[in-house]
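Reading through the structure tokens given below for one structure.
The values are calculated or read from the model by the stated rules, or taken from the named source; none is laboratory data. Note that this is a predicted model, so its numbers are computed, not measured. Using ideal geometry, Cβ is built from the backbone for each residue, glycine included, and neighbour counts are taken over all protein chains shown.
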Amino acid sequence: MFDNLCKFLAESFSEDYAAWLLGRPIKLTKLSPTELSLEPIRADSLILEQSEDLVLHLEFQTEPDPTMGFRMLDYRVRVYRRFPQKTMHQFVIYLKRSSNDLVYQDSFQVGETLHRYQAIRLWEQPSEAFLQSPGLLPLAVLTQTSDPTLKLREVATALEQIEDNRVKANLMAATSVFGGILLAPELIKTILRSEIMKESAVYQEILEEGKIAGKLEGRLEGKLEGKLEGKLEGRLEAKLETIPLLKKLGLTITEIAKELDIDVELVNRFVANQNN
């Protein structure tokens with residue numbers, strides 16, 4: 001879900017991200033990986049945007065990835081092959097605090113080939129720019145702060161100033177999910193208004209992902225087992241996997257059970273097992 005949220009934010013608020021990373025609010029459009037001739041290494045986490053003279057490549061990461069350096073070089077070469085005249089800017093943005101040396105890696109070398117890119121650790125970033133740009137607001141809670149709860153309250157105040165209810169709902173839902181990296185769902189719910197988030201495309205996508213995954217897993221297990229039970233178990237398992245995200249959005253146990261159309265006691269048991 002983090003991959004989809006990051007793509008949504010970067011593509012919907014491209015000027016905000018360009019202003020933050022490139023220093024100027026450039027209007028960017030999505031660049032499909034299929035335009036680079038080869039299949040992407042990890043299409044789910046790849047964000048490519050372009051203007052007439054540049055390409056912006058973003059990779060959002062919750063955990064360090066030892067293959068990141070090679071991936072950055074690989075995409076640089078692919079983009080050069082397709083757009084040799086365009087400048088390319090590459091950023092790896094780490095969402096979750098880590099002391100792993102890999103989050104400080106900003107180059108990759110093989111033989112005499114040396115490729116450099118930029119690594120950004122959100123927990124080291126000043127919050128001011130994030131609080132001033134709508135598209136960056138959901139990430140603000142992960143920026144430099146000694147009090148994430150206070151930072152989330154500042155974000156909530158900024159979100160309330162947004163007049164477009166659709167934009168507000170989407171950003172609030174995204175903020176809730178990212179806030180869940182540091183804060184408990186129960187606390188987030190006291191700060192962000194869940195009734196607004198339920199109207200957002202982000203919220204609906206989370207529900208839809210659970211339903212689609214349930215159907216696919218159910219069909220697969222049903223084929224493997226040749227039984228109706230296989231289909232039912234697959235669908236149920238996928239729904240259960242959606243529960244943590246819905247909790248991050250501030251839904252109660254009863255609300256989750258209703259949205260997923262499963263028994264309240266089943267949700268309770270799943271949550272209890274997660275907490276153990």
*Ala19 passes all but one of (1) of a type outside the set (Asp, Glu); (2) closer than 21 Å to His115 by Cβ; (3) modelled with pLDDT of 95 or more; which number fails?*
(2)
_What's the total number of residues in region 63-85 that are exposed (fewer than 15 other Cβ atoms within 10 Å of the Cβ) and in a loop (DSSP other than H, G, I, E, B)?_
5
_Checking the condition within 20 Å of Phe8 (Cα to Cα) and aromatic (Phe, Trp, Tyr), which residue from Phe108, Phe83, Phe91 passes?_
Phe91
*Applying the selection to region 33-58, what residues are modelled with pLDDT under 95, within 21 Å of Ser107 (Cβ to Cβ) and out of contact with any Pro (no Cβ under 6 Å at 6 or more places or on another chain)?*
Ile41, Arg42, Ser45, Ile47, Leu48
*asked:* Looking at region 95-126 only, could you name the residues that are within 21 Å of the chain's Cα centre (by Cα) and assigned to a strand (DSSP E or B)?
replied: Gln118, Ala119, Ile120, Arg121
